[in-house]
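One structure is given below, encoded as structure tokens.
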């Protein structure tokens with residue numbers, strides 16, 4: 001989350017490393033930007049540690065409620081929409097999504113390509 005308003009740019013770089021698998025060319029050399037405006041009322045800012053507690057940038061206590069979804073990108077039909085809908089209704093504010101290869105919905109890295 002940018003801390004200042006204005007235009008922010010990003011770029012991607014992919015380099016193969018031993019044990020990390022193939023570098024997907026579609027992810028290498030991508031560029032983009034986003035314009036960040038002033039935060040809406042009630043948005044408290046980034047979360048940071050304050051001793052043994054978590055707080056937002058403005059000092060408001062932060063409470064994390066989350067879950068893990070395994071293989072979200074590999075779900076078929078409307079399962080992805082159903083899963084995301086459930087997470088919204090459960091009021092999760094953190095989701096860890098795991099993409100797994102080598103079995104299950106995907107047989108190899110080719111299945112991950114668009």
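Any read-out appearing in this document is the output of simple, stated calculations on the displayed coordinates, not a laboratory observation. Just so it is clear, the structure is predicted and the values come from calculations on it, not from any experiment. Every residue, glycine as well, gets a Cβ built from its backbone with ideal geometry; the counts of neighbours run over all protein chains shown.
What the table below lists for this structure:
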item	result
46, 89 arranged by Cβ crowding within 10 Å, fewest neighbours leading	89, 46
Per-residue Cβ neighbour rank within 10 angstrom, fewest leading, 83, 67, 9	9, 67, 83
The range 4-72: C-alpha pair distances exceeding 20 Å, %	63
Residue exposure sequence - 98, 52 - by fewest surrounding Cβ within 10 Å	52, 98
